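A quick write-up on the structure given underneath.
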Amino acid sequence: MRVRACNLRKFLLSGAAIGCLALSGNTALAREHVTSYRIPAQSLDRALRDFGVQSGATILVDAAIVNGKRTAGHSKRSDPETALRALLLGTGLGYRRDGDVFVVTREGNVTPLAAGGEIEDDTEIVVTAQKREEKISDVPIAISAFTPKALDDHKIESGAELVRAVPNVNFSKSNFSGYDFTIRGIGTKAISASNDPAVAVSFNNTPLIRNRLFEAEFFDLERVEVLRGPQGTLYGRNATAGVVNVIPALPDDSFGGEVKAEAGSFETRRLSGMLNVPITDTLAVRVAGAMTKRDGFDYNTFTQQRINGRDLWSTRASVQWEPSDRFKVNAIWQHFEEDDNRSRTGKQLCTTDPGVAQVGDIAVPEFLQSRFSQGCQSASLYGDAAFGAPNAKALAYVMFPQINMSMGRDPTVATRRPLVFPIPRNFDPYGDVVQSRDLREVATSYDPVFRAKNDVFQFNMELGLGDDLKLVSQTAYARDRYYSSQDYNRFVSAPVFNDSAVLVQNSSGPPQPVTVPGPTPGGIFTDPQLGASDRILSADLSRSRNRQWTQELRLQSAFDGPLNFNIGANYLDFKSQDDYFVYNNLFTLIAQYNYNGAREGGGSITRNCGEGTPTGRECVWVDPNPIGEGPEDGHNYFRSKNPVRTKSQAIFGELYWQAADDLKITLGLRYTRDKKIATPVPSQLLLGAIENDPTRGGPISGGTISRGFREFPEIRQKWNAVTGRLVVDWKPDLSFTDDTLLYASGSRGYKGGGANPPRADIDQKVIQYQPLPETFKPEYVTAFEIGTKNSFDGGRFTLNAAAFFNAYQDYQISQIVDRISLNENFSAKTWGLELETAWRPSRNFRLDATLGLLDTRIDKGAKSIDVMDRTQGNPDWMLLRPWLQVPSNCIAPKALVERILDFDRVPEDFKLLMLSALCAGSARYGTFNPELPGVNPAFQFDRLLGFTYNPLTDAPNGGKGFYADLGGNELPNAPHYTFNIGAQYSVFLEGGDWVLTFRGDYYRQGKSYARVFNTEYDRLKAWDNVNLAVNLARGEGDFALQLYVKNLFDKAPITGTFTNSDDTGLSTNVFTLDPRIVGLNATVKF
């Protein structure tokens, strides 16, 4: 680097000069250079000399106007203007600029600082959106960046709340352990262990496939960046919608600390703080932490406990060593931990489907009416009817114990005593359920259990290779543990069990009591996982264990000439196992007393697999261990086990050509090679095999093994993708703006495909299934964007705008089919407009606003089967409930249903089997297909009724239903508009020693749909949110008090939904906002 003296003319213009130094060869600093400033608190004249040396800019000032003045200094990475403003803050001085020359002047001259220098200028935030430090106003990307002060102003405390300040962003929790952060209509709508997020979430520029963006709270940050639109070059895979980059505050050379304490609604207690300690001039350490404890936002009226509470804490330790301007290393460790009763999902809604009372001219017997019910109807979630419960008589696991597993006979009848089954016949356990309309009030038998741990280790190195080249290395290791268990059905049933201990053996004559207690003595059934109860109990467990290694190397140039580059390579190795369990005491009851049951003393007994002498019976292993303990090898619960390994390598580069002082062209390319390995481990719910011959599958259940889980051959997938971008940006010198950037870009993005979870491990000779796709395709996007960033009136008014068009190929979306999350691909278009503006007419007042307009359309020809409406209104077909082992509903010809109902030579229990045979299912319980081998003649229904029927070939899509036409539909969770406006007013007290600030924020998002089918059931209404805050701060903020109200009007909109599986009634998990929270906090800095 060469230094030259200022010429005499400049000396004369300024009167007297100090610190007159300038970089040789600068082109008027058209693109601001960001550097690390180390200017301590000192006299202003010495500080300006240091600024001139460290910035390489020319600084001119009359010595008389700085004499006796002091400055608080500046020790941050920033561009020159930001550094100079910080030095002049509170001195009564401003500046004007001519290219790379800064002239310090008294107030009253033309200066951006004179009217409002104490107000944070968003245009001067330094970001790393392009993997290099730049002013946000110089970055040709639609980006929103938030300093800690901006986050606090908006009361944004976690990633989910970014929606209130970023246009065209949406957030909703999703099923299992995931969430859906959506940018411009695109998010993570696919749910699979091998799925990748569409919005890349990064910690300090390191992408994390699994993260706690939803659960963790922000603390001690440098900033948060949200990049909108595909970022396929520098961020690569999993950035087809955009990027959220969380940048922690790192150690610097100034001793300081901060402590913040808060109390608020729901017994909230919060504590956070940080301490920065310089060990030497080149070595510093920083520690920070935060904790939150509060009572639950929701109330369980059945257990009378508050749930959905918080008990979480985070800590971060970092060390940074910078022995010279050319070498810097830092290491970061961040830990997050939570152990509380957080609810993974919200309330479950359901418009009860009563079934069908008449088919044609034939009345349907009451017991069979539920065979035509899917549990919950496809209806609006906003009516009173939505607060019902599924028709439990339609659930196979409820119906089965009503007609099977007799426990004895009824002692209250004198002669011809009827058999008694575990559950009374034709009884709906949810028949009397009426839910509260309050989305934060639930009634469940089982309170949530939530635990999470997350660690991120990162090592970063920057090495200067001469004056113009820098080598950057980022190495990171992350591990994540997640455990969430809660009530699965989200409804409390009535007491359901008959008392098996009071029954008799004989049908007539003097009563002979049974000699064994049976399965439900006293009307109580004891489940090894769920305990004893007289009601239906059901709970799930979502658990994840994963770890990730990443390494990235970048070589960046900063030449004085017109060409610069940023090239690099990275590697990712991600390993995960996701487990999902569903426990239900009726599953265990059926396993123990149907498959493993026997008769003794006129009653029912059970013998688990391997107990006693093995026999030729079909056996289903019942796990005796509590939830989460033992080998977890039971077949009395549903378990989806999903081991996945992802490896990715990429090389990338961007070339920056400064074609003119005001024109730059960026060309970027990236080559990505992805490899995914998924190990299919099929579920085994109620599947068994022959006890004394494990090689023989279960002839009734259709199982292949009695205990444990089989691993199938690995599914290996590979993709090679080339992505990139071309950007042209222009910084014209306009008379009506201080600074203007115009840009146009085209880019290409990519996200890998994956493997769908395997279905149940069922023998196809026993249970007939139509195959489902084993894998889903990768996702690609071609995107175009034009935008502008403008600063007016010395930075008092800023206006950014962007318009975009994105064409997505094979966008990934999932729904529950056959108890798995089936991922499908749809092509779609999205387009819209975004505005961000801020007005700061004085240091007292600030107004900021964002507006996002969005339209999305699925391409013509797209289709899928809507599990909520399988017949698509076709009057010749009817929905039917299948037999126990078949997880999904089917459709069948109405004419054949009429023939079965009209057949009067068999009882209604036999008609139930006939109706079930119209679905692809267990031939052992009957079929109309004469080609199936080994069917008991008594169950060859085609002979009885005189017609043949094979649902796999004679029904649309194998009986799954008619396709719904999706062409022209909107993408899910893509509101037509988002809008935010915030205003704050500051009153300066005691001569400016104290500042009292009032702030209010209003946010609103338009209507959208929860699923691609765009039915009334899918409609999500528009909603809004209001937050208020009052802040009293002293001096430079060394002490502050804040009183705030979030969600002022205590609104509970439905922000997202997820539809559950057919065999649990198609109920709907809904998600909503946190309730109104009032908080008071105090901050002390030192």
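The values are calculated or read from the model by the stated rules, or taken from the named source; none is laboratory data. On a predicted model such as this, the values are computed, not experimentally measured, just so you know. A quick note on method: Cβ atoms are made from the backbone with ideal geometry, for glycine too, and the neighbour counts reach across all protein chains shown.
Remarks
- Listed conditions (1) more than 30 Å from Asn642 (Cβ to Cβ); (2) surrounded by 17 or more Cβ atoms within 10 Å (Cβ to Cβ) are all met by Tyr750, apart from (1).
- Hits in the range 868-894 - residues which are more than 32 Å from the chain's Cα centre (by Cα), among the hydrophobic types (A, V, I, L, M, F, W, C) and assigned to a loop (DSSP other than H, G, I, E, B): Trp883, Leu884
- Within the range 158-180, none of the residues are modelled with pLDDT of 90 or more, under 19 Å from Arg840 (Cα atoms), within 25 Å of the chain's Cα centre (by Cα) and of a type in the set (Asp, Glu).
- When the residues of the range 56-70 are filtered to those that are modelled with pLDDT under 85 and in contact with a Ser or Thr (Cβ under 7 Å, 6 or more places away or on another chain), the one that is farthest from Ala284 (Cα to Cα) is Asp62.
- Residue that is nearest to Gly1037 (Cα to Cα), among those in the range 57-73 that are surrounded by fewer than 22 Cβ atoms within 10 Å (Cβ to Cβ), over 46 Å from the mean Cα position of the chain (by Cα) and not aliphatic (A, V, I, L, M): Arg70
- Residue within the range 205-226 that is under 29 Å from Lys718 (Cβ atoms), without any contact (Cβ under 8 Å) to a residue 40 or more places away in the chain and part of a loop (DSSP other than H, G, I, E, B) present: no
- Long-range neighbours under 6 Å by Cβ, at least six apart or interchain, first residue closer than 20 Å to Asn720 by Cβ within the range 664-682, second part of a strand (DSSP E or B) and polar (S, T, N, Q): Arg670/Thr723; Arg673/Gln649; Arg673/Asn720; Asp674/Ser648; Lys676/Thr646; Lys676/Gln717
- Of all the residues in the range 677-696, those that are assigned to a strand (DSSP E or B) and surrounded by fewer than 23 Cβ atoms within 10 Å (Cβ to Cβ) number 3.
- Count - residues of the range 531-574 that are under 30 Å from Ser485 (Cβ atoms) and of a type in the set (A, V, I, L, M): 5
- Criterion applied to Thr1055, Thr1015, Thr1072 was being buried (at least 21 other Cβ atoms within 10 Å of the Cβ) and either within 30 Å of Arg870 (Cβ to Cβ) or of a type outside the set (Val, Ile, Thr) (or both), and the one residue passing it is Thr1055.
- Screening Thr345 against (1) modelled with pLDDT of 95 or more; (2) β-branched (Val, Ile, Thr); (3) touching a strand residue (DSSP E or B) at 6+ places or on another chain (Cβ under 6 Å); (4) in a loop (DSSP other than H, G, I, E, B) leaves a single unmet condition, (1).
- When Ser406, Ser370, Ser436, Ser380 are checked against the criterion of being in a loop (DSSP other than H, G, I, E, B) and within 26 Å of Asn889 (Cβ to Cβ), a single residue qualifies: Ser380.
- Of the strands (runs of 3 or more DSSP E) entirely within the range 1029-1086, those holding at least 1 residues that are closer than 24 Å to Phe1013 by Cα and in contact with a Ser or Thr (Cβ under 9 Å, 6 or more places away or on another chain) occupy 1056-1059, 1068-1071.
- Any chance Phe559 is outside any strand (DSSP E or B), aromatic (Phe, Trp, Tyr) and either out of contact with any Phe, Trp or Tyr (no Cβ under 7 Å at 6 or more places or on another chain) or modelled with pLDDT under 95 (or both): yes
- Considering residues of the range 74-99 that are surrounded by fewer than 18 Cβ atoms within 10 Å (Cβ to Cβ) and touching a Leu at 6+ places or on another chain (Cβ under 9 Å) only, the residue modelled with the highest pLDDT: Leu89
- Within the set Glu711, Glu654, the sole residue that is acidic (Asp, Glu) and crowded, with 20+ Cβ neighbours inside 10 Å turns out to be Glu654.
- Hits in the range 238-265 (condition: over 30 Å from Leu1048 (Cβ atoms), buried (at least 17 other Cβ atoms within 10 Å of the Cβ) and not charged (D, E, K, R)): Asn238, Ala239, Thr240, Ala241, Val243, Asn245, Ile247, Pro248, Ala249, Leu250, Pro251
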